[in-house]
Amino acid sequence: MSLPAILGMSVQASYNVVDAFFIGRGVGPLGLAGTAVVFPLQLFAIGVGTMGGIGAGSIVSRKLGAGDTRQADRALGTLVSLALSFGIGATVLGHLFL
């Protein structure tokens, strides 16, 4: 059960190392500083997405198991609405402050 999590974290770590290598060589110290500032925001977005996906998956699974497809559709629709709202809000804030 822990193998997918370990693999995912390893891929993320290697992504960050390769990213830092190319940005450091291409842009320099300011580019590396930029990636260091954005990295916690990236982790926050990944965490919120994972939380929503796992939570909605649990709710939808329980509702479908109980035969309540209406509530399962409602839970999935709520997750999609929240994901779109979060994405649009993050985009607007990113354009305003970055």
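Each reported figure results from applying straightforward, stated rules to the coordinates on display, with no laboratory input. Small disclaimer: the values here were computed from a predicted structure and weren't measured. Every residue, glycine as well, gets a Cβ built from its backbone with ideal geometry; the counts of neighbours run over all protein chains shown.
Assorted remarks:
- Dipole magnitude (debye, nearest 20) for region 3-97, charges at Cβ of Lys, Arg, Asp, Glu: 160
- Net charge of neighbours whose Cβ lies under 15 Å from the Cβ of Ala75, counting Lys and Arg as +1 and Asp and Glu as -1: +2
- Between region 4-23 and region 60-97, the alpha-carbon centres lie 28 Å apart.
- Kirkwood hydrodynamic radius of the chain, Cα pairs, Å: 16.2
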